[in-house]
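Below: one structure, written as structure tokens.
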Ligand code: COA
Ligand code: AMP
């Protein structure tokens, strides 16, 4: 007896056999100013372009057309901020009008189509207004996460070369107010490129001092601006650049084109997340991450949903019930968060009792991503919430899920530890080093055969060659995900680890190379290695091993404290870099490669074997002892 073909199987097969038909049909969800010449322009591989020749505007699709179609009074955005005790609703009409004014304000500062605007803001409605305002006039935004400090911000300013920076006086963390303006001023001082203006949202929790001639007060700037209309752009024009960590300290500017992204997001809202227009969707992430771009801002608004902008944490703002409170208060239908957030709640409410105090009757699905959804966490959430919990896998580069389970396409049984099966359009393969596909169940590198579906990065900002080198060179004809894992006999993908120097700390992606550059810059450090060690809450946290220069005799504790402060100051608190150990040498292979994997196993207390290629086996004993002592101090 053959199995019935599910809606998912059908969609997947159709997108594989006839990508232009499949995505051309999905494009019906978008309002185009001009239609495309070709759905998929494959004339210049490995650079593929979706909806070439079409013209479109993202802000029009997110706001204006919904107002025109009678959705003007529906809430587009609900700002729920336990850290300030605020709940505010913005209708589609109000959000459109605010975005139009902010767009006019940008125009008045000389920002035009194709210019870049950096947005360095906390989780306030103005952050979303800023993104949509840029989209409205065809400016390319680049949002920088507020937990990054000046050095990281300066690197992004120099790469994106923004005309204007939009920012705020402060962010609010549970235990402290974080003044953003001094960080911004310092970043601009450090950067070679200087923006002509900064527009600063003054928040009551901390005022910002302004630099005359350069800085403008947001409220006055927006109020006096003339509303600007939507400007059409090419579907292949960038909507934004979002920087993410790679192997080195230099962040990679992921380019997102406009047309393909809108189509993929609109499709995913219904097929993956299973939400209908008018329903409430909540991604508890940050506008500084890709999830914030795709599923706080653009995706839900494209689909006519109400999106929640939550300024708080899963615990401590004010308690471990805050997620369930928000779901009940706003009638959330589907929610998206990182496993680490669920682990934080579980730590404080192990039996999941708090959820019982709320009416979660309208809640249908919890989605997890950002790091592997470990089976314990997924099962705990299932028991606590009584709804399907879907782990799905994606990257900043792809902009939307590579694998998932599909609430709008029939939903297949969950296999714990797997983030599901490939989304239509993604030809996922597991290969060996020679790019030969391995058998089901066998581990290997996970690659995606080109072309990538709409929505995925077409290139790196200003660096076509780096795009080829980093993603397309090692496995010809394929995109290298830099993740490793396997596909089982039923087609479920299992994503087990990164193959590069990226670590995942509380769902945040960090480069160990960037942390090593910061440690290596300390005057007493001769050599260092940073790697991720297992952490019950954050999944992984970074740990540094440092070798001091000959003759340095200062107390080691003092130097370690300086290193911790240095990372916090240069990369930002989000790196969660709290531990470093001084050792006499680093373990290396005879060819000089640092044995990070072995050190990681030792630090995790996992079984390890002496690498045959090690140049000095005794050093591993010293490291094991140093790490052992560190755990007990
Ligand atoms: N601006 C300024 N500082 C920030 C910041 C921001 N936007 N975001 C985080 N930080 C700071 C925090 O205050 C903290 O500083 P500290 O060292 O003084 O305590 C540090 O950066 C680390 O922050 P965080 O990773 O949030 O850890 P935490 O211990 O404060 O909270 C969790 C732990 C699990 C509650 C938290 O990591 C969390 O909510 N994770 C979910 C992540 C997520 O949703 N990711 C999105 C991917 S889908
Ligand atoms: P980011 O670009 O910050 O979204 O991080 C992407 C990386 O996070 C991926 O390459 C994976 O290493 C990891 N990741 C994200 N989601 C998952 C998941 N569901 N399962 C396993 N790893 C994941």
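Which members of segment 386-439 meet the condition of being assigned to a strand (DSSP E or B) and within 10 Å of ligand 2 (Cβ to nearest atom)? Before the answer, list the steps.
Residues of segment 386-439 that are assigned to a strand (DSSP E or B), as a first pass: 389-391, 393, 403-404, 421-422, 427-431, 437.
Answer for segment 386-439, where residues must be assigned to a strand (DSSP E or B) and within 10 Å of ligand 2 (Cβ to nearest atom): 390, 391, 393, 403, 404.
Looking at segment 428-463, which of its residues are touching a helix residue (DSSP H, G or I) at 6+ places or on another chain (Cβ under 7 Å) and under 26 Å from residue 390 (Cβ atoms)?
453, 454, 455, listed by residue number.
So which residues in segment 520-544 are more than 15 Å from ligand 1 (Cβ to nearest atom), within 19 Å of residue 573 (Cα to Cα) and crowded, with 22+ Cβ neighbours inside 10 Å?
Selection gives 530, 531, 543, 544.
Quick one: would you say residue 247 is under 30 Å from residue 47 (Cβ atoms), within 16 Å of ligand 2 (Cβ to nearest atom) and surrounded by fewer than 21 Cβ atoms within 10 Å (Cβ to Cβ)?
On the way: under 30 Å from residue 47 (Cβ atoms): yes; within 16 Å of ligand 2 (Cβ to nearest atom): yes; surrounded by fewer than 21 Cβ atoms within 10 Å (Cβ to Cβ): yes.
The answer is yes for residue 247.
For residue 557, all conditions in the list (1) away from ligand 2 (no atom under 16 Å from the Cβ); (2) crowded, with 18+ Cβ neighbours inside 10 Å; (3) modelled with pLDDT of 90 or more; (4) not in a loop (DSSP other than H, G, I, E, B) hold save one; what is the number of the exception?
Failed condition: (2).
Looking at segment 331-353, which of the residues that are away from ligand 1 (no atom under 14 Å from the Cβ) and assigned to a loop (DSSP other than H, G, I, E, B) is surrounded by the fewest Cβ atoms within 10 Å (Cβ to Cβ)? Show your work before the answer.
Narrowing segment 331-353 to residues away from ligand 1 (no atom under 14 Å from the Cβ): 331-334, 350-353.
Narrowing the set further to residues that are assigned to a loop (DSSP other than H, G, I, E, B) leaves 331, 350-353.
Details: 331: 14, 350: 9, 351: 11, 352: 17, 353: 11.
Of everything passing the filter in segment 331-353, 350 is surrounded by the fewest Cβ atoms within 10 Å (Cβ to Cβ).
Can you name the residue in segment 241-283 that is closer than 27 Å to residue 150 by Cβ and within 16 Å of ligand 1 (Cβ to nearest atom) and, of all such residues, is modelled with the lowest pLDDT? Step through it out loud before you land on a result.
Initially, segment 241-283 is screened for residues closer than 27 Å to residue 150 by Cβ, giving 241-256.
Of the ones still in play, those that are also within 16 Å of ligand 1 (Cβ to nearest atom) are 242-245, 254.
Numbers: 242: 98, 243: 97, 244: 93, 245: 85, 254: 98.
Here the residue is 245.
Pull up segment 12-46, narrow it to residues that are touching a residue at least 24 places away in the same chain (Cβ under 8 Å) and out of contact with any strand residue (DSSP E or B) (no Cβ under 8 Å at 6 or more places or on another chain), then point me to the one that is surrounded by the most Cβ atoms within 10 Å (Cβ to Cβ).
Out of the qualifying residues, it is 26.
Among the residues of segment 468-482, count how many are near ligand 2 (Cβ under 9 Å from one of its atoms) and either without any contact (Cβ under 8 Å) to a residue 40 or more places away in the chain or outside the structural domain of residue 442 (by TED's automatic domain parsing) (or both).
As a first pass, look at segment 468-482 and keep what is near ligand 2 (Cβ under 9 Å from one of its atoms): 481-482.
This time we only want the ones that are either without any contact (Cβ under 8 Å) to a residue 40 or more places away in the chain or outside the structural domain of residue 442 (by TED's automatic domain parsing) (or both), so: 482.
Within segment 468-482, residues that are near ligand 2 (Cβ under 9 Å from one of its atoms) and either without any contact (Cβ under 8 Å) to a residue 40 or more places away in the chain or outside the structural domain of residue 442 (by TED's automatic domain parsing) (or both) number 1.
Within segment 354-384, track down each residue that is within 16 Å of ligand 1 (Cβ to nearest atom) and either more than 15 Å from residue 494 (Cβ to Cβ) or free of Cβ contacts under 8 Å to residues at least 40 places away in the same chain (or both).
Going through segment 354-384, the residues within 16 Å of ligand 1 (Cβ to nearest atom) turn out to be 354, 365-374, 376-378, 380-381.
Across segment 354-384, the qualifying residues are 354, 365, 366, 367, 368, 370, 376, 377, 378, 380, 381.
When you go through 95, 40, 63, 106 one by one, which is the residue that is outside any helix (DSSP H, G or I) and touching a helix residue (DSSP H, G or I) at 6+ places or on another chain (Cβ under 9 Å)?
On the way: 95 fails: outside any helix (DSSP H, G or I); 63 fails: outside any helix (DSSP H, G or I); 106 fails: outside any helix (DSSP H, G or I).
On inspection, the qualifying residue turns out to be 40.
Condition check ((1) within 16 Å of ligand 1 (Cβ to nearest atom); (2) in contact (Cβ under 8 Å) with a residue 24 or more places away in the chain; (3) in contact with a helix residue (DSSP H, G or I) (Cβ under 8 Å, 6 or more places away or on another chain); (4) not in a helix (DSSP H, G or I)) across all residues:
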position: 152; (1), (2), (3), (4): yes, yes, yes, no
position: 188; (1), (2), (3), (4): no, yes, yes, no
position: 193; (1), (2), (3), (4): no, yes, yes, yes
position: 199; (1), (2), (3), (4): no, yes, yes, yes
position: 213; (1), (2), (3), (4): no, no, no, yes
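Given the residues 76, 130, 69, 100, which is the only one that is crowded, with 24+ Cβ neighbours inside 10 Å, under 16 Å from residue 303 (Cβ atoms) and at pLDDT 95 or above? Can you show your working first?
On the way: 130 fails: under 16 Å from residue 303 (Cβ atoms); 69 fails: crowded, with 24+ Cβ neighbours inside 10 Å; 100 fails: under 16 Å from residue 303 (Cβ atoms).
After ruling out the rest, the residue left standing is 76.
Please state which of the following conditions residue 613 fails to meet, knowing it meets all the rest: (1) in contact with a strand residue (DSSP E or B) (Cβ under 6 Å, 6 or more places away or on another chain); (2) within 16 Å of residue 540 (Cβ to Cβ).
All conditions are met except number (2).
The values are calculated or read from the model by the stated rules, or taken from the named source; none is laboratory data. Please read all numbers here as calculations on a predicted model, not as lab measurements. We place every Cβ from the backbone using ideal geometry, glycine too, and count neighbours over all the protein chains shown.
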